[in-house]
1. Looking at L261, L234 in this structure, which one is in contact with an Asp or Glu (Cβ under 7 Å, 6 or more places away or on another chain) and in a strand (DSSP E or B)?
2. In a helix (DSSP H, G or I) and in contact with a helix residue (DSSP H, G or I) (Cβ under 8 Å, 6 or more places away or on another chain) - does that describe any residue in region 284-292?
3. For region 255-269, indicate whether the set of residues that are touching a Cys at 6+ places or on another chain (Cβ under 8 Å) and touching a residue at least 24 places away in the same chain (Cβ under 8 Å) is non-empty.
4. Could you list all residues from region 153-199 that are more than 15 Å from I113 (Cα to Cα), surrounded by 17 or more Cβ atoms within 10 Å (Cβ to Cβ) and basic (K, R)?
Amino acid sequence: MNSALAAENPLSEPTVVARLATSAAAAGVLLDRLAEVFDSSVAVVSSYDSGKGWMVAIHFNEPPNETAVRALVALAAGTDVANTVAFERLAARDWVKESIESLTPVEAGRFVIHSEHYRTSVRTNRIGIEIGTAFAFGTGHHGTTRGCLLALAHLLKARHPRRVLDIGTGTGVLAIAAARALRHPVLASDIDPRAAAVARENARRNRAQGVTVICAAGLGSRQFRDRGPFDLVLANILLNPLQRLATPMARLVTPGARIVLSGLLTPQASAALAAYRQKGLVLERHVVLDGWSTLVLRAPKSSAPLPRRRKRM
């Protein structure tokens, strides 16, 4: 998912972690908001299932000003959430790496997302996708990523798309999954240059040579037009950008193409669906996991020009 931070340099000095408990549905939204507030040179933001509920953790490179941290959390998530933040001083260990290594592999259909720690445990009849432990996001545990992988696995039972686009690629998990399963080129894009760099590294790590990663905002770049039209689009971002992208996305797909939308809290699903129904797409499947929705939409089988707006008299 887009808008998360990468930990390029594992923590090696005594440090401080700020933690707060939240729901599964709120964890992803809170992670995105806090990642925009805290620069990666200062802190690494991650979320994980503690076994007793979801936690959001902020690992600081140096002891922080706790009052300032609470103020920043309040800015991102509100005063009530800021008041629940608990600080803990940690010994000199690579906490980000250890926390990700401790996450068990995630299975979604034929796909298994795992860290280096579980490299040898993937069964031969599964497609293993390894995410480096230097990255504090995109591990596949979030309901949006799992929902997209399940939707992709289901689609590939009956379809074999030749041109695939992954928008808001994050760590590149979905692009790598599509490229490994289909053995066709996949174009992946992200608005964040750090995420694009992470996706390229993960594509290299997984020998997904067909994945091309670009850094782009929106879908106006010539690279989208040159590589399209697309038979399958994967877009795991957020409601507002999904709504804005409805028109350009509909213009980039082939007749009968599938579009997979995620990054949506379940109550937001109808708002996203409404934007795409206006472009002639219909709902084919709805996956709900941990309070998050993934929508599989089908484009019309015959392409028709978009309706013109009536001029006001």
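The values are calculated or read from the model by the stated rules, or taken from the named source; none is laboratory data. Please read all numbers here as calculations on a predicted model, not as lab measurements. All Cβ positions, even for glycine, are placed from backbone atoms using ideal geometry, and neighbour counts span all protein chains on display.
1. From the options L261, L234, the qualifying one is L234.
2. Taking region 284-292 first, the residues in a helix (DSSP H, G or I) are none.
No, region 284-292 contains no residue that is in a helix (DSSP H, G or I) and in contact with a helix residue (DSSP H, G or I) (Cβ under 8 Å, 6 or more places away or on another chain).
3. Yes; the residues of region 255-269 include at least one that is touching a Cys at 6+ places or on another chain (Cβ under 8 Å) and touching a residue at least 24 places away in the same chain (Cβ under 8 Å).
4. Across region 153-199, the qualifying residue is only R163.
Okay, residues lined up against (1) at pLDDT 95 or above; (2) hydroxyl-bearing (S, T, Y); (3) over 18 Å from H154 (Cβ atoms); (4) out of contact with any Phe, Trp or Tyr (no Cβ under 9 Å at 6 or more places or on another chain):
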site	(1), (2), (3), (4)
A235	yes, no, no, yes
L281	yes, no, no, yes
V287	no, no, no, yes
W292	no, no, no, yes
L295	yes, no, no, no
R298	yes, no, no, yes
